[in-house]
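The values are calculated or read from the model by the stated rules, or taken from the named source; none is laboratory data. Model, not experiment: these values are computed from the prediction. All Cβ positions, even for glycine, are placed from backbone atoms using ideal geometry, and neighbour counts span all protein chains on display. Note: accessible area is taken over every heavy atom of the protein model, side chains too, but ligands, DNA and RNA are not part of it. Shrake-Rupley method; radii C 1.70, N 1.55, O 1.52, S 1.80 Å.
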Amino acid sequence: THPAALFLMEHMRSSPFLIFLEILTGISGLLPDPHYFGSGLHHTLRGGHLGLHLDYNFNDNLNLWRRINVFVYLNEGWEEEWKGNLELWNADLSDVVVSIAPLFNRLVVFEASETSWHGHPDPLQCPPHIARKSIALYYYTAVDNPAWNRPKRATLFMPRRNVDKWSPDQRYDPSTE
């Protein structure tokens, strides 16, 4: 791992960065995951993708609720035709709300709620020697948002309507394919 990436990841777990996130999001008591469960450096090769999903909402090892996702993209010279955009979808999965290119030094922060469907579902079309690189970090609180009243659950995947395999009566589980 490059020393600059390690330095950045440590900074993003520091008190000043946590205060920044708390001010930005209005969520107090944010804590980083000291074990990087599912987070850290992500490296996706040509053809790779990540289907639309809701993240797991509770970290059993820490006994904390997942509240915020933070991504930093590390892709210098990323081309639009290579795909790989982070897509944030609406609650009923009927449309993309925003599509964010994974451009170098871009920071994305969003709440890990019960309606924050996201992914980069189109297979990467970058050259074989190029990879989509990012740092993903997750932040937690001891108390969940009381308005959500959500049960603890694992990550849920759902295909895009009219694009991927989809049934309105059934959740999609990519491990069954």
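Descriptive notes on the structure:
- Of ASP33, ASP60, ASP122, the residue with the greatest mean-square motion in the GNM of the chain, using alpha carbon springs below 10 Å, is ASP60.
- Normalised Debye scattering of the range 68-108 at q = 0.19, 0.25 Å⁻¹ gives log10 I(q)/I(0) of -0.61, -0.88, counting only Cα atoms as equal scatterers and leaving out solvent.
- Accessible solvent surface per residue of the chain, calculated while the other protein chains remain in place, 1.4 angstrom probe, Å²: 55 Å²
- In the chain, helices alone account for a calculated mean residue ellipticity at 222 nm of -3500 deg cm²/dmol, with every DSSP H run of four or more residues adding -39,500 (n - 2.57).
- Spin-label pair ARG106/PHE7, simplified geometry with 7 Å Cα→Cβ offset, distance in nm: 2.5 nm
- Expressed per residue, the C-alpha convex hull volume of the range 116-165 stands at 136 Å³.
- Dimensions of the range 55-149 along the principal axes, based on C-alpha atoms and rounded to the nearest Å, stand at 44, 30, 19, largest first.
- P(r) histogram, all alpha-carbon pairs of the range 1-95 included - 10 Å bins from 0, percent: 11, 37, 39, 13, 0
- Over the chain, volume per residue of the alpha carbon convex hull, in Å³: 136 Å³
- With every protein chain in place, the chain: carbon and sulfur % of accessible area (1.4 Å): 55 percent
- Binned Cα-Cα distances of the range 1-55, short to long, each 5 Å bin given as a whole percent: 4, 14, 18, 21, 19, 15, 7, 2
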